[in-house]
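The values are calculated or read from the model by the stated rules, or taken from the named source; none is laboratory data. Keep in mind that this is a model prediction, so the values were computed, not measured. When we count neighbours, we look across all protein chains shown, and the Cβ atoms used for this are built from the backbone with ideal geometry, even at glycine.
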């Protein structure tokens, strides 16, 4: 290794990994803080049951398209002009 001692290489490697760990820790802390500031949009928490109520599910788009297609409101593509 061109005259470098093994201890020096290991110390530099350890310092590099420690810096990476410190950067990841900072990123994790900022993401945690941002998550704590978010509001639970339309979910409601019930402490007496220790649970969350989800909002009602919207109608799936596939169902909307099928009903519109049955009623003739969607134009059908022409294949082979």
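Details
- Of the residues making up region 1-56, those that are part of a loop (DSSP other than H, G, I, E, B) and either at pLDDT 95 or above or touching a strand residue (DSSP E or B) at 6+ places or on another chain (Cβ under 8 Å) (or both) are 40, 43.
- Failed item in (1) more than 22 Å from the chain's Cα centre (by Cα); (2) at pLDDT 80 or above, with residue 67 passing the rest: (2)
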